[in-house]
Amino acid sequence: MSLLVVGLSHRSAPVSVLERAALNADAQVKLLQDTVAAEPATEAAVLATCNRIELYADVDKFHAGVAELSTLLAQHSGVGLEELTPYLYVHYEDRAVHHLFSVACGLDSMVVGEGQILGQIKDSLARAQELHSAGRLLNDLFQQALRVGKRAHSETGIDRAGQSLVTFGLEQLARGGDVQQWARGKKALVIGAGSMSSLAAATLARAGVAEIVVANRTLDRAERLAQILMDGDDTDVAARAVPMESVPAELTRADVTVSCTGATGLVLTAESVAESVEGRTPAPTAGPGQDGPGAPGGEPGPPAGAQRGGTSGAGLGSEDGCPLELSAVQGTAGFSVLGEAAVAGMAAADLEQHAAWVDNGSVGGAQRAAGGTARQGQTGTLDPAADTDAIAALAATVATVGRIPERRRPEPVEEPQRPEPVLFLLDLAMPRDIDAAVHRLAGVRLVDIESLAEASAGAPMAADVDQVRRIVSDEVAAFGAALRAAHITPTVVALRTMAADVVAGEIARLDGRLPGLDDKHRAEITQTVRRVVDKLLHAPTVRVKQLAAEPGGAGYADALRTLFDLDPETVAAVSRAEDSTTEKDRGPA
């Protein structure tokens, strides 16, 4: 049998796909049951977090296992197999072990070095044990992964390389500033009472928020979390619990809201968030050159009809004899009757009439007096001698399309500055709890899994990461050697059992031939024969275990069974007995 993992994570798939493929608790149970019921797999475990979905299995056929596990993931996630396949990754044998150990150490997390994944691996193993889908291989693998993760955090400074997803999210809300300073005195609403929500509540309490309100579908769980926050020795936060129906009302009072539930639909819509901030959104801060009337030191703004080119469109429109209606372009950024923006798109016949009017009017005279300059920093008329080609190209274009083409981009229009947020939202759920449209609301700052992924993409990695990688490599080698050695153990046990049976049979024959043999001599002969057999078997069995522990050593068990003509059923019986003993001795995850 061989270890296989098929999955997708924030490294292989966009958040939109992860969100749709998310598995709730019931879906995870059904996936495990269907996996062990499938032909290629005998064991299975699911690791499902906010940024990864992975299915581990012990399979007897690689290609059939990949096909079956991929199909099961697609069926239970609700995402079509053809759509899901490009985002799936597959790890086999030692690579699968290396992957899980790296995950346990936080090397594969969105925030490198975070320790929350250890609790999620522990929950995954407990679920598989409860459903009896984890046998010897996956039990040993996941328990060893937990030990490797703890070793990485205790022996290195990987904790300095990263933090929990909650802390990272709060830092993003605070725009990289000091979280404690940002959170001090704020009122917080935490939606959900699971492990991630509990961590968020505890983190906010330590950061110094004044009040935490916990909302959950099961009120008693919210009450327990609120009581734990109140009883904490390191905080003096006020905490209380409310039912989910109270979330809209509490949202109007909250300064910061963290949501992480198992809901399959939205918990907070854009409409509900907009209603909660209505009436408390501050006015936009005036940008440079945008001082309003009465602003300290502000100069009066230009009249509504004044243009950047220094020529008023309204004034031109009032000129007698002007053949064009220029009121339609009043206020257009960059408009000037003397510039390209004024004539771009104008019909050729209209342009000729307008040119004649300009040449005969004061505007043309002013232009000629200025030496032909249309605008400051912009060339006015073309010189026929120097610009013959340009004039010919322009004339050809006019003849073809009948209009003067736009030859420059419009000047950018300054957008009004967004107001400072009055409501901060952190969505750690997958699928998302908070409508993504909230990003567009004024006065609201939303940080979700997608924005966290973008923010963490360029985060620097600590030097300790290299040390953790060495630990992972060493542990993978040790686990592989132990696994291969364990694979041959039933064969060695069956061989020694067969040898003991041979010794017992020969002693029985001796008793028949020498019925008068006293007990003392009989015991001495029996002990001598057993020592001979043990010495003959010692070197080969020790050596075959060493060879089997090396990469590619799986064939030694088959060779041993062939050489000594061991009954395969006897070897299988030893394996079942060892698995039964291990299951009884195994403690909780």
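The values are calculated or read from the model by the stated rules, or taken from the named source; none is laboratory data. The model shown is predicted, which means the values in this text are computed figures rather than measured ones. In this analysis, Cβ positions are derived from the backbone assuming ideal geometry, glycine residues included, and neighbour counts consider all displayed protein chains. These area figures cover heavy atoms from the full protein model, side chains too; ligands, DNA and RNA do not enter into them. Shrake-Rupley method; radii C 1.70, N 1.55, O 1.52, S 1.80 Å.
The table below gives the values:
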{"quantity": "Hits in the stretch 63-73 (condition: open to solvent by 20 Å² or more (accessible area, probe 1.4 Å) and either in contact with a Leu (Cβ under 7 Å, 6 or more places away or on another chain) or closer than 13 Å to Gly7 by Cα (or both))", "calculated": "Val66, Ala67, Glu68, Thr71"}
{"quantity": "Any hit, the stretch 478-495, residues being free of Cβ contacts under 8 Å to residues at least 12 places away in the same chain, in a helix (DSSP H, G or I), surrounded by fewer than 16 Cβ atoms within 10 Å (Cβ to Cβ) and out of contact with any helix residue (DSSP H, G or I) (no Cβ under 8 Å at 6 or more places or on another chain)", "calculated": "yes"}
{"quantity": "Conditions (1) part of a strand (DSSP E or B); (2) of a type outside the set (D, E, K, R); (3) more than 26 Å from Glu420 (Cα to Cα); number of the one not met by Val258", "calculated": "(3)"}
{"quantity": "Those residues of the stretch 90-122 which are assigned to a helix (DSSP H, G or I) and either free of Cβ contacts under 8 Å to residues at least 12 places away in the same chain or touching a strand residue (DSSP E or B) at 6+ places or on another chain (Cβ under 9 Å) (or both), in sequence order", "calculated": "Asp94, Arg95, Ala96, Val97, His98, His99, Leu100, Val103, Gln116, Ile117, Gln120, Ile121"}
{"quantity": "Every residue from the stretch 1-38 that is hydroxyl-bearing (Ser, Thr, Tyr) and either surrounded by fewer than 22 Cβ atoms within 10 Å (Cβ to Cβ) or touching a Gly at 6+ places or on another chain (Cβ under 8 Å) (or both)", "calculated": "Ser2, Ser9, Ser12, Ser16"}
{"quantity": "Qualifying position, being open to solvent by 20 Å² or more (accessible area, probe 1.4 Å), part of a helix (DSSP H, G or I) and either within 21 Å of Glu450 (Cβ to Cβ) or among the charged types (D, E, K, R) (or both), among Arg224, Arg175", "calculated": "Arg224"}
{"quantity": "Residue in the stretch 271-281 that is touching a residue at least 12 places away in the same chain (Cβ under 8 Å), basic (Lys, Arg) and open to solvent by less than 80 Å² (accessible area, probe 1.4 Å) present", "calculated": "yes"}
{"quantity": "Only listed residue being at pLDDT 90 or above and either in contact with a Cys (Cβ under 9 Å, 6 or more places away or on another chain) or over 19 Å from Val447 (Cα atoms) (or both), chosen from Ser272, Ser246", "calculated": "Ser246"}
{"quantity": "Qualifying residue in the stretch 57-66 (condition: within 30 Å of Asp433 (Cα to Cα), out of contact with any Ser or Thr (no Cβ under 9 Å at 6 or more places or on another chain) and in contact (Cβ under 8 Å) with a residue 24 or more places away in the chain)", "calculated": "no"}
{"quantity": "Extreme residue, modelled with the lowest pLDDT, among residues of the stretch 78-103 that are open to solvent by 60 Å² or more (accessible area, probe 1.4 Å) and farther than 13 Å from Val6 by Cβ", "calculated": "Gly78"}
{"quantity": "Those residues of the stretch 39-59 which are part of a loop (DSSP other than H, G, I, E, B) and surrounded by 19 or more Cβ atoms within 10 Å (Cβ to Cβ), in sequence order", "calculated": "Pro40, Cys50, Asn51"}
{"quantity": "Candidate set from the stretch 555-569 (those that are open to solvent by 90 Å² or more (accessible area, probe 1.4 Å) and more than 50 Å from the chain's Cα centre (by Cα)); member that is farthest from Leu537 (Cα to Cα)", "calculated": "Asp565"}
{"quantity": "Residue count for the stretch 67-82, restricted to those that are in contact (Cβ under 8 Å) with a residue 24 or more places away in the chain and either outside any helix (DSSP H, G or I) or closer than 17 Å to Ser9 by Cα (or both)", "calculated": "8"}
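Yes/no per residue for (1) surrounded by 19 or more Cβ atoms within 10 Å (Cβ to Cβ); (2) more than 18 Å from the chain's Cα centre (by Cα); (3) farther than 24 Å from Val29 by Cα:
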site	(1), (2), (3)
Gly113	yes, no, yes
Lys122	no, yes, no
Asn139	yes, yes, no
Arg151	no, yes, yes
Ser197	yes, no, no
Ala202	yes, yes, yes
